[in-house]
Amino acid sequence: MLLIHCPYCNKKRPEVEFAYAGEAHIERPNGINQLTMTDEEWSNFMFIRNNIRGEHAERWWHNSGCNMFFNAIRNTQTDKFIMTYKMGENLPTEKQIKAAKK
Amino acid sequence: MKFSAISLFANALSGHKKWPSQFPNKDPKKEYDVIIIGGGAHGLGAAYYLASKYGITNVAVLEKGWIGGGNTGRNTTIIRSNYLFDESAALYDHAVDLWDGLSQELNYNVMFSKRGVLMLAHNVHDVQSFKRHVYSNRLNDVDNQWLNPEECKEFCPPLDISSSRRYPVMGGALQMRAGTARHDSVAWGYARAASKLGVDIIQNCEVTGIRRDSLGNVAGVETAKGYLKSKKIGVSAAGNTSVVMEMAGLRFPLESYPLQALVSEPIKPVFPCVVMSNAVHAYISQSDKGELVIGAGTDQYTSYSQRGALHLQEHNLMSICEIFPIFKRMRMLRSWGGVVDVTPDRSPIVGKTPVGGLYVNCGWGTGGFKATPGAANMLAYTIKHNEPHKINAPFNLDRFIGGRLIDEAAAAAVAH
């Protein structure tokens, strides 16, 4: 079982308290764009995923804890969490990820 | 050499010390007509059918580890075709048709045992949904029948059908043509048969890049053993399909999840069939070695680590003990995990890609083993003709743009 650091509780808690919520930083198209979007663009938003083997940005939901969504960088080959950060924060740069690994 | 009663007898006389190796370990040639990436049973099968049915023998199968070491060797070997939709029924039933004669065709015993798969209904919704499956299957000429609780008990004696249980058995859908097979034998059998027809099986040869020509079509692959030219490449890389496709600049509607299974210590024959329960969330069968083979759903997060969390196994075993209290004191022998590539509609993708000369067979999610011969044949057909067969045509990549999904997720099982 993974131990996951919730950036809102600021605590490491067991995986069973959390629900995985898919790849992070996929923005839902805004209302005006939706009218002009092609099928390919919709497909990209709905279905296409990076499915990265390596450092993956993803959402987690602390549903049996503080009930907040947050983002994480996790290595999908080792399942090791590199960092977690609050919703609304930008995707960490490579430099930030490197620093978090230390 | 051909396996037969005579060869078995002759080798018994020499103490089974003179069996030749089943296929040679080869170094790659510089150029192939077709390269298959992924030496699981799907990839080896595709190479075999290319050589045997479609007359292309200058084929290489590239495997980064050892053949059959991925999901082929990590599944729970269940074979069935009782899928709801017409497209799925056709695809999976085609596979079962090929399973039927596979041991003879390959001259290799894949131990396909049609012991029947029983899917239990525990509530009114299950009953309605499974009966719908049965009727739909019958319209598609797929064998499936409805059993009442007493008939279920008769078919599978370890079952407890008393109405006092938390999840009472209200009936079940039984597919008699379904069953299990020996997974390793499928990989080895295809490898041996393909190799005999001239296919090169190259292990420890990871693909690191896909080169494309000036028109954008594939030109060859970079591998751990150097650059290999080929104008046609079939990708059969299961959980790692997204990684391989990225080499060709494609993003796929796939996510890779860990899927775990476990076996108990071996015991005498006690369990005659395969039983699945979607409501309680587990399935079970007994291998020929005597181990109870148990599985359920995937872990919740994407991962390539080939292992999952312990609490999922606990949940899985709780479900088994709920349905079969007689197994409460069994001890588990080992557990393992594979990486399964799951599509948004839980149906596979078999066909062409936007890149010329690049073909794919992926997205089988938690249920690829049962489809092995069918998927392999469809990939081989598509590579040969540069057009999909009518069976795999609906399973194209474009359905995620056009919206014609084959949404088995809502109807299908926990475990496929």
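The values are calculated or read from the model by the stated rules, or taken from the named source; none is laboratory data. This one's a predicted model, so the numbers in the text were calculated from it and none came from an experiment. Heads up, the Cβs are rebuilt from the backbone with ideal geometry, glycines too, and the neighbour counts pull from every protein chain shown.
Within region B:155-185, which residues are of a type in the set (S, T, N, Q) and over 26 Å from B:Arg138 (Cα atoms)?
First, the residues of region B:155-185 that are of a type in the set (S, T, N, Q): B:162-164, B:175, B:180, B:185.
Of everything in region B:155-185, those that are of a type in the set (S, T, N, Q) and over 26 Å from B:Arg138 (Cα atoms) turn out to be B:Ser162, B:Ser163, B:Ser164, B:Ser185.
I'd like the residue in region A:14-30 that is under 11 Å from the mean Cα position of the chain (by Cα) and more than 9 Å from every other protein chain (Cβ to nearest Cβ) and, out of all such residues, is surrounded by the fewest Cβ atoms within 10 Å (Cβ to Cβ).
A:His25
Would you point out which residue out of B:Ala51, B:Ala12, B:Ala95 is buried (at least 21 other Cβ atoms within 10 Å of the Cβ), under 30 Å from B:Glu291 (Cα atoms) and of a type in the set (A, V, I, L, M, F, W, C)? Steps first, please.
On the way: B:Ala51 fails: under 30 Å from B:Glu291 (Cα atoms); B:Ala12 fails: buried (at least 21 other Cβ atoms within 10 Å of the Cβ).
None of the other options fit; the residue is B:Ala95.
Within region B:300-328, how many residues are within 7 Å of chain A (Cβ to nearest Cβ) and in a helix (DSSP H, G or I)?
Step one: filter region B:300-328 for residues within 7 Å of chain A (Cβ to nearest Cβ), giving B:300-305, B:309-311.
Checking the rest, the ones that are also in a helix (DSSP H, G or I) come to B:310-311.
Number of matching residues: 2.
Would you be able to say whether some residue in region A:31-39 is free of Cβ contacts under 8 Å to residues at least 12 places away in the same chain and surrounded by 18 or more Cβ atoms within 10 Å (Cβ to Cβ)? Spell out how you get there, then give the answer.
Taking region A:31-39 and keeping what is free of Cβ contacts under 8 Å to residues at least 12 places away in the same chain, we get A:31-39.
Retained after the next criterion (residues that are surrounded by 18 or more Cβ atoms within 10 Å (Cβ to Cβ)): none.
There is no residue in region A:31-39 that is free of Cβ contacts under 8 Å to residues at least 12 places away in the same chain and surrounded by 18 or more Cβ atoms within 10 Å (Cβ to Cβ).
Looking at region B:333-364, which of the residues that are at pLDDT below 95 and basic (Lys, Arg) is nearest to B:Met247 (Cα to Cα)?
Among residues in region B:333-364 that are at pLDDT below 95 and basic (Lys, Arg), the one nearest to B:Met247 (Cα to Cα) is B:Arg346.
May I ask you to list pairs of residues, at least six apart or on different chains, whose Cβ atoms are under 6 Å apart, with the first in region B:245-264 being within 7 Å of chain A (Cβ to nearest Cβ) and the second being outside any strand (DSSP E or B) and surrounded by fewer than 21 Cβ atoms within 10 Å (Cβ to Cβ)?
B:Arg251/A:Ile48; B:Pro253/A:Phe47; B:Pro253/A:Ile48; B:Pro253/B:Pro344
Strands (runs of 3 or more DSSP E) wholly in region B:177-281 with at least 2 residues that are not assigned by TED's automatic domain parsing to the domain that holds B:Phe400 - which ones?
Numbers: elements: B:200-202, B:207-212, B:218-223, B:226-235, B:255-264, B:274-277.
Passing ranges, in order: B:255-264, B:274-277.
Taking the options B:Leu358, B:Leu310, B:Leu397, name whichever one is out of contact with any helix residue (DSSP H, G or I) (no Cβ under 6 Å at 6 or more places or on another chain) and within 30 Å of B:Ile161 (Cα to Cα). Full working, then the answer.
Numbers: B:Leu358 fails: within 30 Å of B:Ile161 (Cα to Cα); B:Leu397 fails: within 30 Å of B:Ile161 (Cα to Cα).
So the residue among B:Leu358, B:Leu310, B:Leu397 that is out of contact with any helix residue (DSSP H, G or I) (no Cβ under 6 Å at 6 or more places or on another chain) and within 30 Å of B:Ile161 (Cα to Cα) is B:Leu310.
Within the set of pairs 6 or more residues apart or between chains, which connect a residue that is under 17 Å from B:Gln104 (Cβ atoms) inside region B:1-28 to a residue that is among the polar types (S, T, N, Q) with Cβ atoms less than 7 Å apart?
Between residues of region B:1-28 that are under 17 Å from B:Gln104 (Cβ atoms) and residues that are among the polar types (S, T, N, Q), the close pairs are B:Met1/B:Ser7; B:Lys2/B:Asn107; B:Phe3/B:Asn107.
Could you name every one of the helices (runs of 4 or more DSSP H) located completely within region B:71-161 that has at least 1 residues being of a type in the set (Ser, Thr, Tyr) and in contact (Cβ under 8 Å) with a residue 12 or more places away in the chain?
Numbers: elements: B:86-106, B:124-139, B:149-155.
Fully inside region B:71-161 and qualifying: B:86-106, B:124-139.
Collect the residues in region B:156-179 that are surrounded by fewer than 15 Cβ atoms within 10 Å (Cβ to Cβ) and either under 23 Å from B:Ser113 (Cα atoms) or under 27 Å from the mean Cα position of the chain (by Cα) (or both), keeping them in residue-number order.
Scanning region B:156-179 gives a single hit, B:Pro157.
Yes/no per residue for (1) within 22 Å of B:Pro344 (Cα to Cα); (2) more than 10 Å from every other protein chain (Cβ to nearest Cβ); (3) not hydrophobic (A, V, I, L, M, F, W, C):
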{"residue": "A:Ser43", "(1), (2), (3)": "yes, no, yes"}
{"residue": "A:Ile52", "(1), (2), (3)": "yes, no, no"}
{"residue": "A:Ala57", "(1), (2), (3)": "yes, yes, no"}
{"residue": "A:Asn63", "(1), (2), (3)": "no, yes, yes"}
{"residue": "A:Phe70", "(1), (2), (3)": "no, yes, no"}
{"residue": "A:Ile73", "(1), (2), (3)": "no, yes, no"}
{"residue": "A:Asp79", "(1), (2), (3)": "no, no, yes"}
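Which of (1) loosely packed, with under 14 Cβ neighbours inside 10 Å; (2) more than 8 Å from every other protein chain (Cβ to nearest Cβ); (3) part of a loop (DSSP other than H, G, I, E, B) does A:Met1 not meet, given it meets every other one?
Single failed check for A:Met1: (2).
Residue-by-condition table, conditions (1) of a type in the set (Gly, Ala, Ser); (2) modelled with pLDDT of 95 or more:
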position	(1), (2)
B:Ala181	yes, yes
B:Tyr190	no, yes
B:Lys196	no, yes
B:Arg211	no, yes
B:Gly226	yes, yes
B:Ser230	yes, yes
B:Glu265	no, yes
B:Ser277	yes, no
